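Beneath this line is the structure, given in structure tokens, with notes to follow.
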Amino acid sequence: MPTTTTSAASSSSSTASASGNNSNRQADVFSRLASSDPEVKLKALREVKNQIIGNRTKKLSFLKLGAVPAIASALADADDSEKCNNILVQSAAALGSFACGFEAGVQAVLDAGVFPRLLRLLTNPDEKVVDAGARSLRMIFQSNQAPKYDFLQEKNMEFLFSLLNSENENVSGLGASIIAHACGTSVEQRVLCEAGVLEKLVILLDGSLSQREACLESLATVLKNNPEAVSDFVGLESGRYLNSVTELTKDRYPRTRLLSCLCLVVIYNTSPSYFVNMGTKSGLITTLLELLNDPGQSGDDAALGLSCLIAGKEDLQKLAYEANAIKNIVDILKTDSELQTKRLQGLFLSLAELCSKLEDCRCSFVSLQVLDLLINALRHKDADVKAAACICLRNASRSVKNLSAGRFNSDHVMLPLVQLLHDPSSSVQVAVLGALSNIVLDFSSPKSSFIEFGGIKQLIELSKSMDPNARCSALRALRNLMFLADNKRKELYISDVNAQGFACLISDPEPPVQEQALALLRNLVDGCISSIEFVFDEDGLILDTVGRQLRKGPQAHMAIQGMYVLTNVASGTELHKEAVMQQLFPQATGSENFMLKFLQSDESQLRSATVWTIINLISPSSPGAYDRHVKLRSAGIIPQLKNMVNDACLDVKIRIKTVLGQSMSFGDNY
């Protein structure tokens with residue numbers, strides 16, 4: 001229709017005209033920043049500041065024009081005389097606005113070399129200049145790009161305390177912000193505490209809003225994973241300041257409530273004994289859940305705060321579940337509005353923690369139909385969100401009920417998971433491997449979609465990764481995939497690996513990788529005799545490597561897997577049994593047989609695995625069983641078993657009776 005077409009064209013023309021006018025105005029303002037007339041320059045500084053406050057688009061436009069170096073030049077050209085104070089104030093304010101919540105702006109400010117000049121403003125005799133400089137610096141110190149302060153240097157500590165002792169609230173708040181940004185090690189925490197920083201910080205709790213919030217952030221930094229500092233803080237004035245922080249969780253300002261909650265989370269995670277009151281725990285969870293609905297940064301940070309609070313704590317997970325946490329989180333995820341990356345990550349991590357231990361939470365998770373949201377998150381552009389979604393799926397799939405119902409092994413779920421195995425981020429790869437380790441346990445068919453999508457081949461590739469976590473996680477997933485697997489599935493793996501490569505995994509520099517490689521091998525050689533042949537490839541290289549690792553006296557959890565490999569190999573033919581005996585009694589060694597050490601281990605599973613190996617070696621139906629029995633008895637192994645007939649572990653006791661019964665068939669009484 002002509003009318004509609006004309007209207008659309010008119011609208012498009014108006015938009016283009018407005019955009020052009022806006023660009024022209026910005027260019028005009030930018031040109032006036034270099035004016036030699038102080039009044040013109042001052043007006044231009046105010047205009048830039050007012051235009052960019054809270055507007056990322058305009059910040060970016062002015063950055064492209066080169067506004068930050070121009071403002072930095074205006075700041076550098078202004079001396080400390082009273083007539084230049086307004087330019088100093090407006091320059092600092094504009095630079096602070098560029099840095100506020102905008103990493104590209106922070107980088108531009110630092111690149112302009114203006115940081116030292118901003119610091120000098122703190123000594124200006126005019127209070128307004130000092131305020132502007134302090135505010136600008138605080139904006140910079142909210143970013144990880146801000147310079148770090150080495151608190152071990154005396155001059156830096158003196159500077160810090162000069163800020164904290166200032167009567168100017170913005171300057172003292174700046175001191176707290178520097179601590180929150182720069183204190184990153186236990187040594188720095190200790191040095192700050194010994195210098196009396198806690199006593200200085202708590203004074204700010206009774207100060208202005210900005211001082212309180214800066215104080216709460218820095219307290220959380222100093223107290224994190226520092227039991228001594230927590231004890232000192234709680235002891236200040238008989239717990240008055242701990243009570244103050246707790247009361248601030250009810251403050252009318254969302255940011256204050258959030259920061260006080262995060263401070264309490266740090267204290268609880270560091271020293272749980274200070275939170276014996278169930279009401280305090282419940283109140284903390286309730287406040288964080290309420291803050292999840294805050295549309296700003298507080299809502300983003302609350303999600304991660306909740307996940308940190310309930311991580312690994314079944315009692316708190318139960319409290320959160322009873323407070324309807326899962327439904328609250330899912331409702332937020334289902335909103336049409338686009339959520340910030342940080343909030344998405346925190347929400348999925350919180351769901352992951354809720355599903356980590358409680359079956360009721362996992363069932364609730366499934367009943368609320370979260371799976372589609374999770375699949376979408378697996379395709380998110382941000383690595384942290386994808387990793388969080390994988391961790392969530394991993395914990396939700398711990399439910400045997402849901403796993404058996406086949407909720408997680410459909411093509412809809414499997415395809416994005418297999419695709420993530422190719423993700424460039426190692427954290428995403430490790431996270432998706434964790435999810436797959438659970439899900440593959442339910443594969444009942446060798447033609448599962450995971451295999452059809454090339455999952456096994458990619459797991460093999462990741463088992464060769466330079467990242468030990470990826471190697472370990474890939475082997476764990478393969479281990480579970482091969483659990484009670486048929487020959488066809490095992491052949492899919494064996495046909496793509498060689499003995500040399502597998503032997504390298506068994507002797508990997510990282511013990512967890514060794515353990516998972518042995519556990520995978522245990523499952524590969526479990527079952528029919530043909531599957532055992534894998535360890536005899538390349539003149540028995542794999543079996544020799546297993547024996548060598550066991551003779552090194554590994555930790556119990558590795559020795560258990562190694563002995564079960566020998567148990568399964570010893571269940572095979574006479575040739576297989578004799579090959580195991582060669583590993584138990586190699587000709588070149590004169591040291592005590594490692595089986596004796598394993599039988600005397602405090603770990604019942606290791607004792608059981610060792611006895612199982614003996615059972616398979618001396619099964620009376622085997623032609624060479626008698627000779628092997630004689631050798632075991634001569635090595636002191638059979639006598640050792642006779643001393644273990646009353647073993648504390650019932651499984652071990654039963655297996656020992658089986659061995660001794662076999663011995664009786666060879667004329668050996670007990």
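The values are calculated or read from the model by the stated rules, or taken from the named source; none is laboratory data. If you're wondering where the values come from, they're calculated on a predicted model, not measured in any experiment. Ideal geometry is used to build each Cβ from the backbone, glycine not excepted, and the neighbour counts take in all protein chains shown. Accessible surface is based on the protein model in full, side chains and every heavy atom, while ligands, DNA and RNA are left aside. Shrake-Rupley method; radii C 1.70, N 1.55, O 1.52, S 1.80 Å.
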Fill in the blank from the handout: Order by accessible surface, 1.4 Å probe, largest leading, for residues Phe483, Phe453, Phe585, Phe151 comes to Phe483, Phe453, Phe585, Phe151
Practice task
Find out how many positive minus negative residues lie around Ala93, taking Lys and Arg as positive, Asp and Glu as negative, among other residues whose Cβ is under 11 Å from that of Ala93.
Solution key: +3
Exercise for the section: Mark the label point 7 Å from the Cα of Asn376 along Cα→Cβ and return the residues of region 287-310 whose backbone N is within less than 16 Å of it. Expected result: none
Practice task
Measure nothing fancy, just the Cα-based angle from helix 537-551's long axis to the longest principal axis of the chain, in degrees from 0 to 90, nearest 10.
Solution key: 80 degrees
Handout entry: Restraint check, Lys313/Lys653; Lys464/Lys552; Lys488/Lys577, Cα-Cα greater than 32 Å
Key = Lys313/Lys653
Problem - Gain on full stretching of the segment that runs from Gln145 to Asp232 - 0.36 nm per residue minus C-alpha separation - result: 28.2 nm
Completion exercise
Here, Leu415 and Lys657, labelled 7 Å along Cα→Cβ, have an inter-label distance in nm of 5.6 nm
Practice task
State whether region 549-665 is rounded, prolate or oblate according to the following rule on the C-alpha gyration tensor (a ≥ b ≥ c being the square roots of its eigenvalues): a/c under 1.5 gives rounded; otherwise a/b larger than b/c gives prolate, and the remaining case gives oblate.
Solution key: rounded
Completion exercise
Expressed in angstrom and rounded, the centroid-to-centroid distance over alpha carbons for region 215-260 and region 268-328 is 16 Å
Exercise for the section: Find out how many positive minus negative residues lie around Ser397, taking Lys and Arg as positive, Asp and Glu as negative, among other residues whose Cβ is under 10 Å from that of Ser397. Expected result: +3
Practice task
Give the accessible surface of the chain per residue, rounded to a whole number of Å², with probe radius 1.4 Å and ligands, DNA and RNA excluded.
Solution key: 45 Å²
Practice task
State the percentage of accessible surface on region 115-168 attributable to carbon and sulfur atoms; use a 1.4 Å probe and exclude ligands, DNA and RNA.
Solution key: 50 percent
Exercise for the section: With an 8 Å cut-off on Cα pairs and a minimum separation of 6 or more residues, tell me the relative contact order of region 405-559 in percent. Expected result: 19 percent
Handout entry: the chain, relative contact order in percent, only Cα pairs under 8 angstrom and at least six apart counted
Key = 5 percent
Fill in the blank from the handout: Per its Cα gyration tensor (rounded if a/c is under 1.5, else prolate when a/b beats b/c, else oblate), region 40-176 is best filed as oblate
Exercise for the section: Just read off the accessible area of Val130 with the full protein assembly in place, 1.4 Å probe, to the nearest 10 Å². Expected result: 10 Å²
Exercise for the section: With 18 Å as the limit, write out which pairs from Lys401/Lys490; Lys49/Lys83; Lys281/Lys318 have Cα-Cα distances beyond it, or answer none. Expected result: Lys401/Lys490; Lys49/Lys83
Practice task
Mind putting a number on the dipole of region 218-356 about its Cα centre? Charges go on the C-beta only, +1 for Lys and Arg and -1 for Asp and Glu, and I need it in Debye to the nearest 20.
Solution key: 60 debye
Practice task
Compute the FRET efficiency between Asn156 and Ser35 as 1/(1 + (r/R0)^6), taking r as their Cβ-Cβ distance and R0 = 45 Å, and round to the nearest 0.05.
Solution key: 0.70
Practice task
Counting only C-alpha contacts under 8 Å and six or more residues apart, can you give the relative contact order of region 528-670 as a whole percent?
Solution key: 20 percent
Completion exercise
Over the chain, the sum of -39500 (n - 2.57) across DSSP H runs of at least four, divided by residue number and rounded to 500 deg cm²/dmol, gives at 222 nm -21500 deg cm²/dmol
Problem - Theoretical gain in end-to-end length, Gln555 to Glu322 [0.36 nm per residue, Cα-Cα removed] - result: 79.8 nm
Practice task
For Glu103 and Glu199, calculate 0.36 nm times their separation in residues minus their Cα-Cα distance, and state this gained length in nm to one decimal.
Solution key: 31.3 nm
Exercise for the section: Set Lys and Arg Cβ to +1 and Asp and Glu Cβ to -1, take the dipole of the chain about its Cα centre, and tell me which of Leu152, Ser404, Gln429 lies farthest positive. Expected result: Ser404
